[in-house]
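To keep things clear, I will list the structure first and then write my remarks on it.
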Amino acid sequence: MPVKLINEENRTTAMLSGEIDHHNAKGLRLEIDFTVREEQPKELILDFSDVGFMDSSGIGLVMGRYKLMKEIGGKVTVRNPSVQIKKVMKISGIDRLASIQNSQENKK
């Protein structure tokens, strides 16, 4: 699963796409963590606009980035999850760790 990382002043955005499952979550974690450690942003945005499927590995991805950002004094924002992914995040309590925002119409 490719991830495009965009670094702006005090913000890193990870543009996720495809599926987040146990096959590709480790690679995503490594790539995002490397950039966060290098850039030290105040906010990490995980953009789910182009994610069609997510299993529990996606929950782990968000939780792990929350812990990393907390260590460096930053925060995590989840942007544009589909209706189904947003429901899974709320059930798992991700909404208590990260702000979940929609900046566009959700894809189904």
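Read-outs throughout are calculated quantities, based only on the coordinates presented, and are distinct from any laboratory measurement. Since the structure is predicted, the reported quantities are computational estimates derived from the model, not experimental observations. No Cβ is skipped: glycine too gets one built from the backbone with ideal geometry, and neighbour counts run over all protein chains shown.
Rounded to the nearest Hz, the phi-derived 3J(HN,Hα) couplings of segment 39-51 under the Karplus curve 6.51 cos²θ - 1.76 cosθ + 1.60 (θ = phi - 60°) are 8, 6, x, 7, 9, 10, 9, 9, 8, 9, 3, 10, 9, where x marks glycine and proline. Only Lys, Arg, Asp and Glu carry charge here, each on its Cβ (+1 for the first two, -1 for the last two); on that basis the chain has a dipole of about 400 debye about its Cα centre. Select one label from (1) 34, 26, 23; (2) 50, 47, 21; (3) 44, 28, 20: the one whose number is Cα extents along the principal axes in Å as derived from the coordinates shown. Only one listed value fits the structure, namely (1). Computed from backbone phi with θ = phi - 60° and the Karplus coefficients 6.51, -1.76 and 1.60, the 3J(HN,Hα) list for segment 91-97 is 4, 7, x, 4, 5, 8, 9 Hz; x is used for glycine and proline.
3J(HN,Hα) couplings calculated from phi for segment 55-65 with the Karplus curve 6.51 cos²θ - 1.76 cosθ + 1.60 (θ = phi - 60°) are, in sequence order, 9, 4, 4, x, 5, x, 4, 5, 4, x, 6 Hz; Gly and Pro show x.
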